Amino acid sequence: LAHDENKTARPGEKIERSLAVDPAVTVTLCVASGTLQVHGWEKNEVRVRSTDAGQIDFRRIEKAEKTKDTSKPPTRVDVMVLDQKMGARQRLDCQALASIEMDVPAGATVQAQTRDGNITIAGVAGAYAGSQNGDITIERATKLVEAGSVGGSISLQNSSGRVFLNSAGGGIEVSNVRPASDEDTFEVGTVSGDIQLDHVSIPRVIAKTVNGTVTMSG
């Protein structure tokens, strides 16, 4: 199911891998440092590209090994990124220094994390994003969004569903967010950053800040 032509790359060479998956697949991606860009598309396939990574692997996760059926597209996939300098010796998650571009099915749920780097996610069902020192931008999520940053800002636009956003040192900007169900809630919080909400139509809105300002319109 996976295309392995460019599984391992030489320094400066682009590496690309793809894997057929379930339309509602959950995909996790984690690096120590680097920009992560994720886009939803119409194909039931995960495609990962990078010019910084030394190797990219897919790890198929099943709820129970006894019921594992490799003939079916996976419903959960971990994207394993290895650093060029470490090569095959590195087998620890979230240790690579690499920027990644990834395409996933529009119905996918994405979990993306980086320590130092920005994260952009657009056009997926669910988005979980975390960065210590980078900004997070999420657009066109349809079911849920959870994002947290220590030193960066968070931007959410043109989305629907349950929302939880938290930033310690950065601001939060949200525009054009609506509920996907009657149970959806909206909660944002900062320590020293400002909160700006524009056209948030979810009935229950909670906004908390310690040293910032809160502005809501629409």
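The values are calculated or read from the model by the stated rules, or taken from the named source; none is laboratory data. Not measured: the values here are computed from a predicted model. Neighbour counts are summed over all protein chains in view; Cβ atoms, including those assigned to glycine, are modelled from backbone coordinates with ideal geometry. Protein only, heavy atoms only, side chains kept; ligands, DNA and RNA dropped before computing areas. Shrake-Rupley method; radii C 1.70, N 1.55, O 1.52, S 1.80 Å.
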Calculate the FRET efficiency for Phe164 and Thr51 from the Cβ-Cβ distance with a Förster distance of 45 Å, rounded to the nearest 0.05.
0.85
If we count every other residue with Cβ under 13 angstrom of Asn118's Cβ, Lys/Arg +1 and Asp/Glu -1, where does the sum land?
-2
Quick one: grab the alpha carbon gyration tensor of region 107-214, order the square roots of its eigenvalues as a ≥ b ≥ c, and give me rounded if a/c is under 1.5, else prolate or oblate depending on whether a/b is larger than b/c.
oblate
Given the protein chains as shown and a 1.4 Å probe, how many square angstrom of Lys208 are accessible, to the nearest 10?
120 Å²
What does the accessible area per residue of the chain come to in Å², with a 1.4 Å probe and no ligands, DNA or RNA counted?
50 Å²
Among (i) 2, 7, 15, 17, 18, 15, 11, 8, 5, 2, 0; (ii) 1, 7, 15, 21, 21, 18, 11, 5, 1, 0; (iii) 1, 6, 13, 15, 14, 12, 12, 11, 8, 4, 2, 1, 0, the entry derived from the coordinates for P(r) over Cα pairs in 5 Å bins from 0, in percent:
(i)
Mean separation of Cα contacts under 8 Å (6+ apart) over length of the chain, as relative contact order %:
15 percent
